[in-house]
Structure formats: C-alpha cells, structure tokens
Amino acid sequence: MIQLLVRDVRLRDDATGETSAVDVQVQDGRIHAIAPRGAESVEAETVVEGHGAWLTPPYVEPHVHLDSALTAGEPRWNLSGTLWEGIACWAERKPTLTRDDVVERAERTLRWYAANGTLHVRSHVDVTDPSLVALDALIEVRERVRDVINLQLVAFPQEGICSFPDGEELLTEAARRGVDVIGAIPHFEDTREDGVRSVEFAVDLADRLGLRVDAHCDEIDDEQSRFVEVLATRAARSGLRERVTASHTTAMGSYNPAYSYKLHRIIARSGITMVSNPMVSLHLQGRFDDYPKRRGLTQVKELLAAGVNVAFGHDDVMDPWYPLGTANPLQVALVGTHAAQMLARDEIEETFRMITTRAAAVLGLDEEYGVHVGRPASFLLLPATDGYDAVRRQVRPTHVVAHGRIVAETAPAVTTLTWPGEDPAPVTFAR
Ligand code: FE2
C-alpha cells in the first residue's frame, strides 16, 4: 500500500502548454509514479480526488524578512512611507526583540505561507544587532518547520557592513552560526567606496564558506547608485555566478538607456539572478519625487528579455516597510503584472513562473523542486487552468502537499446569487 494517491489531476507541459490527465502516487515523501488517469489501480493510505485540478510545484518565496514580520506600528507607524523611516522605526523596535517574540511572529507568518501554498522561503535576518537574537531565533525556526517549509536564511546587514560598528565581525559571526546566504546593502553604506568594499567582503566571505549571496542592491531612486555592476562582476570573477542574487535594484528604473544596455550585458554574462519586490517597491520608491513620479521598480521585462532569471518576492509582511500582506505569492504576482506592465497573455503566465520555477532557481533548489518521479512530493492542487487563470482569479490551492503529507486544505468559497427573475444559485466566478 502506498502513502498517498492523488487521482485525476492535470500536469501541464510548460514548454508546449499541453496538459495530460494523470494519477500521482507518493511513497516515502517522494513522487513514486505518475500514470495516465485510471490506468493503474493501487491501494493507498490516503486518496485525494483532484477533480481535474492543475497539479503544480509549490510557490517559492525568494525574498522576505521574517524577523520584522508582523511588527507594523511597533513602536510607531512609518508615516512618510520611505525606506529610511522604515529603517528608523525598525532601529527603535530592534532593542525589544526577544527569542520568543521572533519565533512567534516568524512561525505565524510561515503558517500563512504554507496555507497559501508556499513551501520554500528565503528570509533575510538583520545581523546588525550585537545580540544576534533574531538570527538565533530564526535558526531555531528553520529546524522547527523543516517538515513543511524549507527555510533559507540570509545574514542581512541592515545598517551596513563597513559603515556599522563591527559590521564585518557581526556578518562573519552570523555566517559561523549557520546561515545559508550572505547579504549586503551597498547603497546604504556611507560612501561609494564603502559600498564597493562591502560587496567584495560579502562575496569573499560566501566564497570562502561555500555559501550563496543575496544583496539588497541599489534599493534607492538614485541613478548614481550602481552597485549591481560591482556585484555581477564579483559574482563572475569569483565563479559564484548563479549562486549570487541581486535583490530590489530599483535604481535601474532610473538608469539611462545607454548604461542600461551595457548593464544588461554584464548581468546576463555573470549568470546572477534577480529578485524584484513589486508591492514594496511601488510603496517605498518614488517618495522623494515630485511629478512625474517614478514607479520604483527594476527593469523586469528588459532583464527577462536579456535572458536574466528574475523572480518576484513579497519582501515585507506587515512591518515598518509595508503595512499590508497575507504572505501570498499570488498577490505579489498580481501586483507585479501591473507594476512591471506585464499584462500581455504570455507575460501574465510568466509572472506565475516568477513565483514558482524562477524563484526556485534563485534558491538553487534544482532536483528538490518540480513534479517528477523521484523528487519530493511537495505540490499544490489548483482549481485553475494555468498560471494566467490562477493569477487573474487569485485561485487558492484546494490541497497543499509537503513531502507526501497534506498540510493545508481549502474549501472553495461559495457565493449564492439571487439574480432578477431567477432562483438563488451558486455563482462561479468569472470562468
Ligand atoms: Fe528586502
């Protein structure tokens, strides 16, 4: 008897768009077999009827800050809506952090992620705090949630590496305690030279320890902020390449076409991946502009066209930098379609890939991701035809399966409509 049988689901070939009706067998937490619908009769401990739902790999969150999640308004609200006031609010909240406080908020947020269908999360954690209390708490959380969510931790020097007292030592100590990724924030350093040095320090540290790099890079409406060229070049020369990620890069929204052309080439050649956070960038950037007011996003479409892997992230969930959010990547994709003007049919489909396969590539999930025999049985049943349909109708997964276990089930909401001249009847939303 096998562990789990998921009957009558559709798999979709991303290259051709063709779908096939199959039954999926799960054993020992991995996909054991994929057979044409009804072709094989097997006994299973648990049987799920898919009713023709689309079986997709889970969502992947490539960029969130779990240490600050759910602290919006503590001790005060960010009234200006700038990144800088957010950092000031957080600096006031940081001294009150405790292990229990961080564990409770991070786990609550991760429960929302799992319920929404997200089973891989990369979280930054601020290490410009001599106590490193949030880091220790999140290392503990990483272990506690392992059976459901694969959590990657980034040592994130929120207040700088070279411009913060003992910044280099704190980052090195964070790496020693067991993070997966080294961060940086070059545009926040005091000088351009400090910014360059901080990137070099972060890449060298990661290279020495066999870790990845994910830098908050050029998150500012300043066309003179040009650290992504430094990061990409260091990634290429160190050989780390696709193990390096540039997050935000919102200054690219202000670069001139000649420099942008040169930069696309440098980035594409380096192999680094990029993360754009459309909800938060739309909110935080453009705050110092009169009209015309900039959108504050990186060059998402242009980077994709240049062959660069770009994913969409949430960034913040109810914290000093963003007061909204339900930890749902599908919301991020919907906002991303508008913010990046990706509203052609195929572009909307692309935004779904930016919260699934493209985000998985940012985390380097490789063989641990995707619906194939032998891989972890971690997937969603989505009552949607494709990514376009899922993004448009914001379709929730009916089932979230992690390592062969059903971890979330959602009954579809039913609205009964009484239309003039008709009896009350359930309305099917916009299909
Ligand atoms: Fe961020």
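The values are calculated or read from the model by the stated rules, or taken from the named source; none is laboratory data. Since the model is a prediction, treat every value here as computed from it, not as a measurement. When we count neighbours, we look across all protein chains shown, and the Cβ atoms used for this are built from the backbone with ideal geometry, even at glycine. These accessible areas exclude ligands, DNA and RNA; they are computed on the full protein's heavy atoms, side chains included. Shrake-Rupley method; radii C 1.70, N 1.55, O 1.52, S 1.80 Å.
Quickly estimate the mean residue ellipticity at 222 nm for the chain, helices only: each DSSP H run with n ≥ 4 gives -39500 (n - 2.57), and the total goes over all residues, rounded to 500. Intermediate results must be reported in sequence, preceding the final value.
Details: 13 runs with 142 residues, N = 431.
Theoretical 222 nm ellipticity from helices: -10000 deg cm²/dmol.
How about LYS262: which lysines have a C-alpha closer than 22 Å to its C-alpha, ignoring those fewer than 8 places off in the same chain?
The qualifying lysines are LYS301.
Could you look at segment 59-367 and say what percent of its accessible area is carbon and sulfur, using a 1.4 Å probe and all protein chains?
Values: 5810 of 11330 Å².
Accessible surface attributable to carbon and sulfur in segment 59-367 totals 51 percent.
Output the antiparallel fraction of DSSP beta bridges having both residues in segment 59-367, as a percent to the nearest 5.
Values: 1 of 29 bridges.
The antiparallel fraction comes to roughly 5 percent.
Check which residues have an amide H placed less than 5 Å from THR46's amide H, if you skip close sequence neighbours.
Sorted by chain and number, the residues that satisfy this are LEU4, LEU5.
Would you mind getting the accessible area per residue of segment 265-385, heavy atoms of the protein chains only, 1.4 Å probe, in Å²?
On the way: 4440 Å² over 121 residues.
Averaged over the residues of segment 265-385, the accessible area is 37 Å².
With springs only between Cα atoms under 10 Å, which of PRO57, PRO36, PRO292 fluctuates most in a Gaussian network model of the chain?
Per the Cα network of the chain with a 10 Å cutoff, PRO292 tops the list.
If amide H atoms are built 1.01 Å from N in the plane of the peptide, which residues on other chains or at least 5 residues away come under 5 Å of the amide H of TRP54?
Excluding prolines and chain starts, which carry no amide H, the hits are ARG10, LEU382, ALA384.
If you average the sequence gap of Cα pairs under 8 Å that are 6 or more apart and divide by the length of the chain, what percent do you get for the contact order? Numbers along the way, then the final one.
On the way: 974 pairs, mean separation 79.2, N = 431.
Across the chain, relative contact order equals 18 percent.
Could you calculate the FRET efficiency of ALA91 with ASP14 from 1/(1 + (r/R0)^6), where r is the beta carbon distance between them and R0 is 51 Å, rounded to 0.05? List each step's numbers first, then the result.
Values: r = 44 Å, r/R0 = 0.86.
Given R0 = 51 Å and the Cβ-Cβ separation, E is 0.70.
Apply the Karplus parameterisation 6.51 cos²θ - 1.76 cosθ + 1.60, with θ equal to phi minus 60°, to every residue of segment 250-255 and state each ³J(HN,Hα) to the nearest whole Hz, in sequence, with x for glycine and proline.
Calculated HN-Hα couplings, in order: 5, 4, 4, x, 10, 6 Hz.
Put a dot 7 Å past each Cα toward the Cβ at ALA258 and ARG287; how far apart are the dots in nm?
Taking the two extended label points, one gets 3.3 nm.
Between TRP84 and GLU409, what is 0.36 nm times their sequence separation minus the Cα-Cα distance? Round to one decimal in nm. Please list the in-between numbers first.
Numbers: separation 325, 0.36 × 325 = 117.00 nm, distance 3.97 nm.
So the chain would gain 113.0 nm between TRP84 and GLU409.
Given charges of +1 on the Cβ of Lys and Arg and -1 on the Cβ of Asp and Glu, with all other atoms neutral, how large is the dipole of segment 59-367 about its Cα centre, in debye to the nearest 20? List each step's numbers first, then the result.
Working: 33 positive and 48 negative charges, 180 e Å.
It works out to roughly 860 debye.
Contour minus end-to-end for GLU104 and ASP28, with contour as 0.36 nm per residue of separation and end-to-end as the Cα-Cα distance? Each step should come with its number before you reach the end.
Numbers: separation 76, 0.36 × 76 = 27.36 nm, distance 3.03 nm.
Length difference between fully extended and current span is 24.3 nm.
On a C-alpha basis, how far is the centre of segment 36-89 from the centre of segment 216-260 in Å? Whole number, if you could?
27 Å
Need the full-extension length gain, LEU324 to ARG392, defined as separation in residues times 0.36 nm minus the C-alpha distance. One decimal, nm.
Working: separation 68, 0.36 × 68 = 24.48 nm, distance 1.99 nm.
So the chain would gain 22.5 nm between LEU324 and ARG392.
Once you sort the root eigenvalues of the Cα gyration tensor of segment 59-367 as a ≥ b ≥ c, which label holds: rounded (a/c under 1.5), prolate (a/b larger than b/c) or oblate (the other case)? Each step should come with its number before you reach the end.
Details: a/c = 1.24, a/b = 1.15, b/c = 1.08.
Here segment 59-367 falls in the rounded category.
Spelling out what I want: for every residue of segment 119-132, take phi, set θ = phi - 60°, compute 6.51 cos²θ - 1.76 cosθ + 1.60 (Karplus), and round to whole Hz; glycine and proline get x.
10, 10, 9, 9, 10, 7, 9, 5, 10, 8, 8, x, 7, 6
For segment 272-328 and segment 354-431, what is the separation of their Cα centres, given in Å?
Rounded to whole Å, the Cα centres lie 24 Å apart.
Hey, rough spin-label estimate for ARG208 and GLU40, points 7 angstrom out along Cα→Cβ, what's it come to in nanometres?
Result: 5.0 nm between the two label points.
Residue by residue, what Karplus-based ³J(HN,Hα) values in Hz, rounded to whole numbers, does segment 396-406 have, using 6.51, -1.76 and 1.60 with θ = phi - 60° and x for Gly and Pro?
Computed from phi, the couplings for segment 396-406 are 7, x, 6, 9, 10, 10, 10, 6, x, 10, 6 Hz.
Lysines within cross-link reach of LYS94: Cα-Cα under 17 Å, excluding same-chain residues under 8 positions apart?
Partners found: none.
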